[in-house]
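Just so it is clear, none of the values below were taken in a lab; they were calculated from the coordinates. Nothing here was measured: the structure is a model prediction, and the numbers come from that model. Here Cβ is always computed from backbone atoms with ideal geometry, including for glycine, and neighbour counts include all displayed protein chains.
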Amino acid sequence: MKAWFLILLCTLGLAGCSSEYLIATTDGQLITSDEKPRLDKDTGMLKFEDDEGRVQQIPQSQVKQIIER
C-alpha cells in the first residue's frame, strides 16, 4: 500500500516539473512548445516540438522572446 502511494506521489511530482515555453516571433506570432527550444549553431535555426507534437524550426533572427511558463 505504501509503495503505491510513493509511486503515485513521485509521478505527480514529475508531472509538476514540466514547463511550457512561449516563443514570440518578430511578426507577432506566439508559438507554444512543451520542451525548451534548442539552437542549432550550424544553421542558426531554433528547433522545438510544438504543442501538437510536430518538430518545428524557425530562424533565430525571427525570434523576439522565449518565455518559460
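Per-residue packing, averaged as other Cβ atoms within 10 Å, sorts the ranges 33-39, 51-57, 62-68 into the order 33-39, 62-68, 51-57, beginning with the highest. Once the Cα-Cα distance is subtracted from the 0.36 nm per residue extended length, the S19 to D42 segment shows a gain of 5.6 nm. In this rough spin-label picture, where each label sits 7 Å from Cα along the Cβ direction, the E49-Q62 distance is 2.2 nm.
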